[in-house]
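Have a look at the structure below, then the notes.
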Amino acid sequence: MKAVLVEDYDHIENIMLREVAKPELSAGMVLVRIQAAAIGFVDGLKVQGLYQTKDPLPFTPGSEFAGVVEEAAADIKGFVPGTRVLAMVRNGGLAEYICVPAHKLFVAPRNMEPEVGASCFANYLTALYALSARGKLQAGETLLVLGAAGGVGIAAVQVGKLLGARVIAAASTAEKRDFAIEFGADAGLDYTREGWRDELRDLTEGRGPDVIYDPVGGDLSLQAFRSIAWNGRHLVIGFASGSIPALRFNLPLLKGGALLGVDIAQIEQREPDLRDQIITQLFTWLSEKTLVPVVGRIFALEEFHEAFKAMTTRSALGKMVVRIG
């Protein structure tokens with residue numbers, strides 16, 4: 001079968017598509033034929049060996065996918081061949097087939113396209129967990145989303161609106177701000193413009209945002225926290241800017257604000273019941289079409305280099321997806 005294979009940590013242009021052995025089925029596992037896989041910021045770091053944990057070499061990147069069950073081990077029930085499934089795993093998505101522990105698989109909502117299914121897990125699960133469980137976002141509160149037009153940000157825009165918030169989308173270009181408004185944001189904010197904090201103050205009637213959703217990091221994070229409302233919650237999602245900010249402890253004291261970390265990778269082990277509740281809510285929205293995940297550009301497997309590059313450009317809108325087969 002074909003698979004993207006990372007044999008040495010390197011820049012994506014040096015990673016190749018290889019012919020590798022089809023994975024063998026074993027107890028507790030399900031063999032899935034992958035139809036689509038999403039590419040996120042973490043995947044780009046893992047390929048280079050820059051993520052906080054390193055995947056043992058060699059490995060195939062791609063942690064989110066949608067596909068069809070090919071075969072299930074004899075001890076597994078409920079995943080008959082032909083069942084359409086979604087999963088979020090450590091790696092292995094950019095390949096034609098994958099073997100996955102059955103407990104990692106979820107039956108896809110009816111009539112969901114594979115490209116949409118591949119886009120809905122990490123970003124939307126993170127957004128719902130962050131905003132509802134960590135940020136305690138309430139209906140009527142104001143949510144500021146930094147980097148609002150990327151895959152991570154647009155998920156927060158949509159989920160924030162479903163939770164009843166007023167959403168301000170911070171993005172660097174008019175195209176990105178219009179994109180976020182198209183998918184539910186109430187207002188756009190150009191954080192590259194001098195005086196953007198004054199505009200944010202005007203948009204929030206002098207209060208500042210109640211919740212800040214921050215996948216960006218860097219100086220933008222520090223400036224955003226300085227504008228937070230009293231009793232506000234700043235959600236740390238990631239550091240797409242490449243810079244980890246250092247916040248002086250007097251600022252939370254003076255602003256009455258809280259800095260809250262969000263790591264979706266840990267909740268399966270640390271908060272399994274909460275994770276199940278969040279997944280149930282997410283899948284209810286998906287099944288009812290209350291939530292329709294935003295798919296960015298779609299690439300063929302042979303174009304995976306371009307997909308990774310598109311994911312890292314400042315012009316990226318939504319999540320990049322690779323169609324397989």
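For Glu71, the residues whose modelled amide H falls within less than 5 Å of its own, excluding neighbours fewer than 5 places apart on the same chain, are Leu31. Mean residue ellipticity at 222 nm, helices only, the chain: -8000 deg cm²/dmol; runs of at least 4 DSSP H residues each add -39,500 (n - 2.57), and the sum is divided by the number of residues. Rg over Rh for the chain works out to 0.98, both radii taken from alpha-carbon positions and Rh defined as the Kirkwood radius.
Across the options Tyr9, Leu31, Val47, the greatest Cα extent toward the positive end of the charge dipole of the range 1-98 (unit charges at beta carbon of Lys, Arg, Asp, Glu) belongs to Leu31. Accessible surface for the chain, divided over its residues, is 45 Å² per residue with a 1.4 Å probe.
I need the shape label for the range 235-278. Rule: rounded when a/c is under 1.5, else prolate if a/b > b/c, else oblate, with a, b, c from the alpha carbon gyration tensor. The shape class here is oblate. Counting only DSSP beta bridges with both residues in the chain, the antiparallel share comes to about 55 percent.
From Cα pairs below 8 angstrom and at least 6 apart in sequence, can you work out the relative contact order of the chain, rounded to a whole percent?
Values: 729 pairs, mean separation 56.6, N = 325.
RCO, the chain: 17 percent.
For Leu45, the shell of other residues with beta-carbons less than 12 Å away shows a net charge of 0, using +1 for Lys and Arg and -1 for Asp and Glu.
Could you give the dipole magnitude of the range 46-146 about its Cα centre, charging the beta-carbon of Lys and Arg +1 and that of Asp and Glu -1, in debye to the nearest 20?
360 debye
Here the Karplus curve 6.51 cos²θ - 1.76 cosθ + 1.60, taken at θ = phi - 60°, turns the phi angles of the range 17-30 into couplings of 8, 10, 8, 10, 5, 5, x, 8, 6, 9, 3, x, 10, 10 Hz, with x standing for Gly and Pro. Taken as Cα centroids, the range 211-234 and the range 1-51 sit 34 Å apart, rounded to the nearest whole angstrom. Applied to the range 62-71, the Karplus parametrisation 6.51 cos²θ - 1.76 cosθ + 1.60 on θ = phi - 60° returns per-residue 3J(HN,Hα) values of x, 9, 10, 8, 10, x, 10, 5, 8, 6 Hz, with x for Gly and Pro. A Gaussian network model of the chain, with springs between Cα atoms under 10 Å, assigns the largest mean-square fluctuation among Val85, Val42, Val167 to Val42.
The values are calculated or read from the model by the stated rules, or taken from the named source; none is laboratory data. Please read all numbers here as calculations on a predicted model, not as lab measurements. Backbone-built Cβ (ideal geometry, glycine too); neighbour counts: all protein chains shown. These accessible areas exclude ligands, DNA and RNA; they are computed on the full protein's heavy atoms, side chains included. Shrake-Rupley method; radii C 1.70, N 1.55, O 1.52, S 1.80 Å.
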